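What follows is a short report on a single structure.
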Amino acid sequence: MKRLLVWSMIACGGFGQTIQVHGHRGARAMRPENTLPAFEYAIAQGVDALELDMAVTKDNVIVVSHDPVLEAPVCTGPREKAVIHELTLAEVREWDCGAKQNPSFPKQQAVPGTKMPTLEEVFALAPKGKFLFNIETKSFVDKPELTPPPEEFARMVLAAIRKHRLEARVVLQSFDFRTLIAMKKLAPQIKLSALYEGPAKDFVAIGKEAGAGIVSPAAKLVTAEQVKAAHAAGLEVLPWTVNTPEEWERLVNAGVDGIISDDPAALIAWLKAKGKR
């Protein structure tokens, strides 16, 4: 079975495999999400991939943000909230995206004065290791005003990838499969990951619909049977977002290829203790 990523083959029953660790939004449990401090922390912990999200400013700069709207507690600024796609990069940089601890993550350390990074600034971290960049196009079918059209978004992302010569180290992920299909037409060598949440659905069907070699479902949807069928079809399975040993255990036993976690350091330590890293 040929893998689309350089990952270890999966052994039957979840035993013997090496699990990739993706730091969700860098390491949201420990540092402000989607910021350079979070990504640098994750790299230092030894993650296999930085997971991050992309938005686009009014002046067509790709920035790293999960939400299309700036608001507390993630970012604080001149007003209560603002739409990124309606602001220039200079205006986005008026917001502090590290000043407040996210109350959902008690171990998160605030880093006041942290500005939202551009995608290019995150790509500039590439020489710090051999990790992948698992980057998400935050694109919304029902809210087209929040982002560029899918084809344009894909072109912009590809230009940044090529500028930094990271074709072999980038995975493009999205819930909006239009951006994945657009990227596949532009650059078939870029690895694609189909994000999915919702009712239970066949993983192979999800991968086929998106034209992706990786299926990235909500963790609760993962079963050993689904993973086995995905592997038989040549697909990777990369669930999100899992932060407890109990769930890590369940997913490892199901045979997944990797896990996206807010606390990648804790996941790495757990995997080492289990002899899986």
- Grab the helices (runs of 4 or more DSSP H) fully contained in segment 64-165, keeping just those with 2 or more residues being under 17 Å from Met54 (Cα atoms) and among the small types (Gly, Ala, Ser). 150-163
- So how many residues does segment 196-239 have that are closer than 18 Å to Thr18 by Cα, without any contact (Cβ under 8 Å) to a residue 40 or more places away in the chain and charged (D, E, K, R)? 1
- Message: What are the pairs with Cβ atoms under 6 angstrom where one residue, in segment 84-110, is under 27 Å from Asn60 (Cβ atoms) and the other, located anywhere, is basic (Lys, Arg) and part of a loop (DSSP other than H, G, I, E, B)? Sequence gap at least six, or different chains.
- Response: Glu86/Lys58; Leu87/Lys58; Thr88/Lys58; Arg93/Lys115
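Listed here are the residues, each with its yes/no results for (1) under 18 Å from the mean Cα position of the chain (by Cα); (2) in a helix (DSSP H, G or I); (3) in contact (Cβ under 8 Å) with a residue 40 or more places away in the chain; (4) surrounded by fewer than 24 Cβ atoms within 10 Å (Cβ to Cβ).
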{"site": "Pro37", "(1), (2), (3), (4)": "yes, yes, yes, yes"}
{"site": "Ala44", "(1), (2), (3), (4)": "yes, yes, no, yes"}
{"site": "Glu51", "(1), (2), (3), (4)": "yes, no, yes, no"}
{"site": "Met54", "(1), (2), (3), (4)": "yes, no, yes, no"}
{"site": "Asn60", "(1), (2), (3), (4)": "no, no, yes, yes"}
- Query: Looking at (1) surrounded by fewer than 18 Cβ atoms within 10 Å (Cβ to Cβ); (2) of a type outside the set (D, E, K, R); (3) without any contact (Cβ under 8 Å) to a residue 40 or more places away in the chain; (4) out of contact with any Pro (no Cβ under 7 Å at 6 or more places or on another chain), can you tell me which one Leu166 breaks?
  - Reply: (3)
- Query: Is segment 234-251 home to any residue that is more than 25 Å from Tyr41 (Cα to Cα) and more than 19 Å from the chain's Cα centre (by Cα)?
  - Reply: yes
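Out of all the residues in segment 267-277, which are in a loop (DSSP other than H, G, I, E, B) and of a type in the set (D, E, K, R)? I'd like the intermediate steps shown before the answer.
Residues of segment 267-277 that are in a loop (DSSP other than H, G, I, E, B), as a first pass: 274-277.
Lys274, Lys276, Arg277, listed by residue number.
So which of Val92, Val69, Val141 ends up being loosely packed, with under 15 Cβ neighbours inside 10 Å and not hydroxyl-bearing (Ser, Thr, Tyr)? First the steps, then the outcome.
Working: Val92 fails: loosely packed, with under 15 Cβ neighbours inside 10 Å; Val69 fails: loosely packed, with under 15 Cβ neighbours inside 10 Å.
Going through Val92, Val69, Val141 in turn, just one is loosely packed, with under 15 Cβ neighbours inside 10 Å and not hydroxyl-bearing (Ser, Thr, Tyr): Val141.
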- Message: Can you tell me which condition Val171 does not meet? The list is (1) surrounded by 18 or more Cβ atoms within 10 Å (Cβ to Cβ); (2) in a helix (DSSP H, G or I), and all the others hold.
- Response: (2)
- Task: Look at Val74 and say whether it is at pLDDT 95 or above, under 23 Å from Trp240 (Cα atoms), within 21 Å of the chain's Cα centre (by Cα) and of a type outside the set (Gly, Ala, Ser).
- Result: yes
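The values are calculated or read from the model by the stated rules, or taken from the named source; none is laboratory data. These figures come from a predicted structure and were not determined experimentally. No Cβ is skipped: glycine too gets one built from the backbone with ideal geometry, and neighbour counts run over all protein chains shown.
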